[in-house]
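Student: Okay, handing you the structure first.
The values are calculated or read from the model by the stated rules, or taken from the named source; none is laboratory data. What you are looking at is a predicted structure, and each value in this text was computed from that prediction instead of being measured. So basically every Cβ, Gly included, is an ideal-geometry build from the backbone, and we count neighbours across all protein chains shown.
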Amino acid sequence: MIPFFDMQAVQTALKPQLSEAFERVSRSGHMILGPELAAFEEEFARYCGVRFCIGVGNGLDALALTLRAWDIGPGDEVLVPSHTFIATWLAVSMVGATPVPVEIDEHYMLDPRCLAERITPRSAAVIPVHLYGQAAPMDEIREIASKAGLLVLEDAAQAHGAMYRERRCGSLGHAAAFSFYPTKNLGAMGDGGGIVTDDPALADKLKALRNYGSKAKYVHEVSGVNSRLDELQAAILRVKLPHLDDWNERRRAIARHYTSRLEGLEGIETPLIAPNNEHVFHLYVIRAREREKLMQFLASREIAGAIHYPVAAHMQGAFSMLGIPANDLPLARRAAEEVLSLPLWPQMRIEDADRVIEALHDFARR
Ligand SMILES: *Cc1c(COP(=O)(O)O)cnc(C)c1O
């Protein structure tokens, strides 16, 4: 059996360090908003090349709290790609604003050529998503956003460590949201998220918002929420962060292996890598003409594939009230019908990748 992702592999490799982190937190008596979080925030901000990191409960909150800190709410529009995980859109609806979909380019990124035409006087921000582990075309997006006076919030939940023109994803907009969900490139052993930014006022506001809107104990200037990255998760992330670059290198090596053996195979397309960009392959996503049959074929070989994501966000029931016609975004819609993610995790053995490759060749020949 080849799983889609092997969670145990990393836990086994780092068992002593993870146990030590657990002991340290346990002994300290601090469980929430203590020294581990402060240290992780500093270390992750430095890693991303920005001044501040604010740890929160999950990636969705990281996105939504940033929009709230910017006073984006009812009556405002936020531009988003439609081919993304639903959280990008839910963050917008959570603050009462309206998601406005923008079509994708050949790399599944918000297409800057389609951005300008969707901007209205109500547009307040744009959320480019660095989907699957590579950077959105940030230069073009930033230029259009800056002309229109839009804030830029990167959804970097799939792009820990990815580079764009020598800079880390996370340092390319006014702020960036990360998720530390366990299977992400940098993942905790439970839920977690964070915002990174160079803006001290935003960082301050977010620190209050995540903690009941409070800067001083029992003084509540704004109505915040309870969304904090806890000490145990922060300690676990501190163990893992020094390995992130190695793991991303492993992901890239496996992705290169897949592409070298699958390129040109009848019925599928291997992923394209955008220019000026270092892909960290959170997911290795092919396009398959007969996706459902291929999924079944892989399952019959005991290989787990996955689909990210089977329904474009603008066609989800949760957003039916927006009344966006399905055909408004034909490329996003088609991507949802064709994408297929192959098994990939940093400790995956090349022999396992070879079994996946062999199955794909057998499918093409059948
Ligand atoms: C995982 C993910 C999120 C949400 O993160 P959670 O921690 O699961 O809330 C947001 N956007 C994208 C693109 C993601 O992949």
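Student: Please work out which residue is surrounded by the fewest Cβ atoms within 10 Å (Cβ to Cβ), limiting yourself to region 47-63 and to residues that are of a type in the set (Gly, Ala, Ser) and under 21 Å from residue 183 (Cα atoms). Spell out how you get there, then give the answer.
Tutor: So in region 47-63, the residues of a type in the set (Gly, Ala, Ser) come out as 49, 55, 57, 59, 62.
Next, only the ones that are under 21 Å from residue 183 (Cα atoms) stay: 55, 57, 59, 62.
Working: 55: 29, 57: 22, 59: 27, 62: 33.
Looking at the filtered set, the residue picked out is 57.
Student: Just give me the residues in region 188-208 being surrounded by fewer than 24 Cβ atoms within 10 Å (Cβ to Cβ), farther than 14 Å from residue 60 by Cβ and touching a residue at least 60 places away in the same chain (Cβ under 8 Å), in sequence order.
Tutor: 189, 198, 199, 200, 202, 203, 205, 207, listed by residue number.
Student: Select from region 185-202 the residues that are in contact with a strand residue (DSSP E or B) (Cβ under 8 Å, 6 or more places away or on another chain) and closer than 22 Å to residue 345 by Cα and write down the one among them that is nearest to the ligand (Cβ to nearest atom). Spell out the reasoning first.
Tutor: Let us first name the residues in region 185-202 that are in contact with a strand residue (DSSP E or B) (Cβ under 8 Å, 6 or more places away or on another chain), namely 186, 192-200, 202.
Keeping just the survivors that are closer than 22 Å to residue 345 by Cα gives 186, 192-193.
Values: 186: 11, 192: 7, 193: 5 Å.
The extreme case among them is 193.
Student: Something else now. Scan region 70-89 residue by residue and report those that are in contact with a Pro (Cβ under 9 Å, 6 or more places away or on another chain) and either more than 14 Å from the ligand (Cβ to nearest atom) or not in a loop (DSSP other than H, G, I, E, B) (or both).
Tutor: 77, 78, 79, 80, 81, 88, 89
Student: For the list (1) within 30 Å of residue 225 (Cα to Cα); (2) away from the ligand (no atom under 13 Å from the Cβ); (3) touching a Leu at 6+ places or on another chain (Cβ under 7 Å), I need the number of the one condition that residue 96 fails.
Tutor: Failed condition: (3).
Student: Can you pull out the residues in region 114-149 that are among the basic types (Lys, Arg) and free of Cβ contacts under 8 Å to residues at least 24 places away in the same chain? Outline the logic, then answer.
Tutor: As a first pass, look at region 114-149 and keep what is among the basic types (Lys, Arg): 118, 122, 142, 147.
Selection gives 147 alone.
Student: Next up: For the structure I just gave you, tell me whether residue 133 is within 23 Å of residue 271 (Cα to Cα), away from the ligand (no atom under 12 Å from the Cβ), buried (at least 24 other Cβ atoms within 10 Å of the Cβ) and not basic (Lys, Arg).
Tutor: Details: within 23 Å of residue 271 (Cα to Cα): yes; away from the ligand (no atom under 12 Å from the Cβ): no; buried (at least 24 other Cβ atoms within 10 Å of the Cβ): yes; not basic (Lys, Arg): yes.
When the stated conditions are applied, residue 133 does not pass them.
Student: While we're looking at this one, here's another question. When you go through (1) of a type outside the set (Lys, Arg); (2) in contact (Cβ under 8 Å) with a residue 40 or more places away in the chain; (3) within 16 Å of the ligand (Cβ to nearest atom); (4) touching an Asp or Glu at 6+ places or on another chain (Cβ under 8 Å) one by one for residue 160, which number turns out not to apply?
Tutor: That leaves (4) as the condition not met.
Student: Is there any pair with a first residue in region 346-357 that is within 14 Å of residue 251 (Cβ to Cβ) and a second that is of a type in the set (Asp, Glu) and in a helix (DSSP H, G or I) whose Cβ atoms are under 9 Å apart and which are 6 or more apart or on different chains, and what are they?
Tutor: Qualifying pairs under 9 Å: 346/246; 346/249.
Student: For a quick check of your reading: which helices (runs of 4 or more DSSP H) sit entirely within region 7-55 and have at least 3 residues that are modelled with pLDDT under 95? Quick ask: steps written out before the conclusion?
Tutor: Values: elements: 7-13, 15-28, 35-48.
Those helices (runs of 4 or more DSSP H) span 7-13.
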